[in-house]
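For reference, the structure is listed below as structure tokens.
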Amino acid sequence: MGDIGLMTTFDDRQRLKAEDTILALDDGDIHVRQDGPRDAPALLLIHGSAASARSWDLLVPLLTGAHRVIRIDLLGHGRSAKPDDRGYATPDQARRAGAALDLLGVRRAVVAGHSSGGVVATALAEERPDLVAALALINTGPSLDAFIAPPSAGIDPAHWPPTDEQLRAFASTGFSRPGFEIPGELLDEVRVMTFHTLTATMRGTTDYLGQRALPERLAGLGRPLLVIFGADDRRWRSSAAAGYRAVPGARVELLPGVGHTPILEDPARTAALLLPFTTAHTAA
């Protein structure tokens, strides 16, 4: 592990409220954003493919009263490094998330993941059960047979970087209705990726799900589990969320009128489900 570089954006003397950090890992720099009191229980948020820590922006203010909220940009995404000669398999990304928590001095955290970020969260719980107190998965498909989105058009090396029109077409199934106003800064997060980091990350998720479905993996971990699923998801069949009930004690909640990205489409209702769970299972 390398040195930690800090870029502090706000300091209330006693406890940092918001802080951006670059963690120098052996295989690439990882960007971390922290919000909320540093002495509060830790909550790690993991974004999905072709996204970044910024995808949680609307939800984070609703969580910081109870948590030290930690967001990471997975390798290949956001402000993290984007090397073409590193592994983007799901276990690799999970290992980096665990290393980031180690460097931040976090010994225990509730981990929440959106979409494929929930797959990384599951892998982290498998590899580092010492770190993960509980898991919350938000619109994370349980298995490959639940995937219903059509192939993405125009996302290939010949069209990289993609135009705004191509980006909006690529992202459109991430929301409950066509024409949803996707924040421009989130489209920019896709544009700064390389074609390799995008496709390698997506392939890593597919490979991991193809090896073993998430409910089967989670059933043996013994970790509290909350599943939140937008009922109008256009990427993953929402009825498949019921498969998580195979995990002992799992709680599964559907959000009517919401699509694949509740954290942007309806952060208030998402937080109303998430916060009681995370506060019940965090340990300072």
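The values are calculated or read from the model by the stated rules, or taken from the named source; none is laboratory data. Given the structure is predicted, the values throughout are model-derived calculations rather than measurements. Don't worry about glycine lacking a Cβ; one is built from the backbone with ideal geometry, like all the others, and counts go over all protein chains shown.
Among the residues here, residue 117 does not qualify as closer than 25 Å to residue 43 by Cα, outside any helix (DSSP H, G or I) and either at pLDDT 95 or above or within 16 Å of the chain's Cα centre (by Cα) (or both).
In region 262-277, the residues that are in contact (Cβ under 8 Å) with a residue 40 or more places away in the chain form Cβ pairs under 8 Å with partners that are among the charged types (D, E, K, R) and surrounded by fewer than 20 Cβ atoms within 10 Å (Cβ to Cβ), at six or more places apart or across chains, as follows: 262/269; 273/253; 277/251. Scanning region 173-187 for residues that are in contact (Cβ under 8 Å) with a residue 24 or more places away in the chain, part of a helix (DSSP H, G or I) and not charged (D, E, K, R) yields 173, 174, 186. Here residue 135 does not fit the description of being among the aliphatic types (A, V, I, L, M), buried (at least 18 other Cβ atoms within 10 Å of the Cβ), within 25 Å of residue 277 (Cα to Cα) and out of contact with any strand residue (DSSP E or B) (no Cβ under 6 Å at 6 or more places or on another chain).
Close contacts from region 188-204, counting a first residue that is modelled with pLDDT of 90 or more and a second that is in a helix (DSSP H, G or I), with Cβ to Cβ under 6 Å and a gap of 6+ residues or different chains, come to 195/157; 204/90. Of all residues in region 27-67, those that are more than 15 Å from the chain's Cα centre (by Cα) and of a type in the set (D, E, K, R) total 5. So for region 228-239 (the condition being at pLDDT below 95 and of a type in the set (Ser, Thr, Tyr)), does at least one residue qualify? No, there is no match, as no residue in region 228-239 is at pLDDT below 95 and of a type in the set (Ser, Thr, Tyr).
Criterion first (of a type in the set (D, E, K, R), surrounded by 12 or more Cβ atoms within 10 Å (Cβ to Cβ) and either over 29 Å from residue 267 (Cα atoms) or over 18 Å from the mean Cα position of the chain (by Cα) (or both)) does residue 165 satisfy it? No.
Note down all Cβ pairs under 8 Å where the first residue falls in region 125-148 and is part of a strand (DSSP E or B), the second is aromatic (Phe, Trp, Tyr) and surrounded by 18 or more Cβ atoms within 10 Å (Cβ to Cβ), and they're at least six residues apart or on different chains. Cβ pairs passing all conditions: 134/277; 136/277; 137/244; 138/229; 147/236.
Is there a residue in region 178-192 that is surrounded by 14 or more Cβ atoms within 10 Å (Cβ to Cβ), farther than 28 Å from residue 85 by Cβ and in contact with a His (Cβ under 6 Å, 6 or more places away or on another chain)? Checking region 178-192: not a single residue is surrounded by 14 or more Cβ atoms within 10 Å (Cβ to Cβ), farther than 28 Å from residue 85 by Cβ and in contact with a His (Cβ under 6 Å, 6 or more places away or on another chain).
Pairs meeting the criteria (first residue in region 23-49 and within 19 Å of residue 278 (Cβ to Cβ), second residue acidic (Asp, Glu), beta carbons under 6 Å, at least 6 apart or on different chains) are 33/20; 34/19.
Looking across region 215-249 at every residue that is buried (at least 20 other Cβ atoms within 10 Å of the Cβ) and of a type in the set (A, V, I, L, M), the one that is farthest from the chain's Cα centre (by Cα) is identified as 247.
Every condition in (1) on the phi > 0 side of the Ramachandran plot; (2) touching a Phe, Trp or Tyr at 6+ places or on another chain (Cβ under 9 Å) holds for residue 179 except the one numbered (2).
Of all residues in region 33-50, which are modelled with pLDDT under 95 and closer than 22 Å to residue 265 by Cβ? Those that are modelled with pLDDT under 95 and closer than 22 Å to residue 265 by Cβ: 49, 50.
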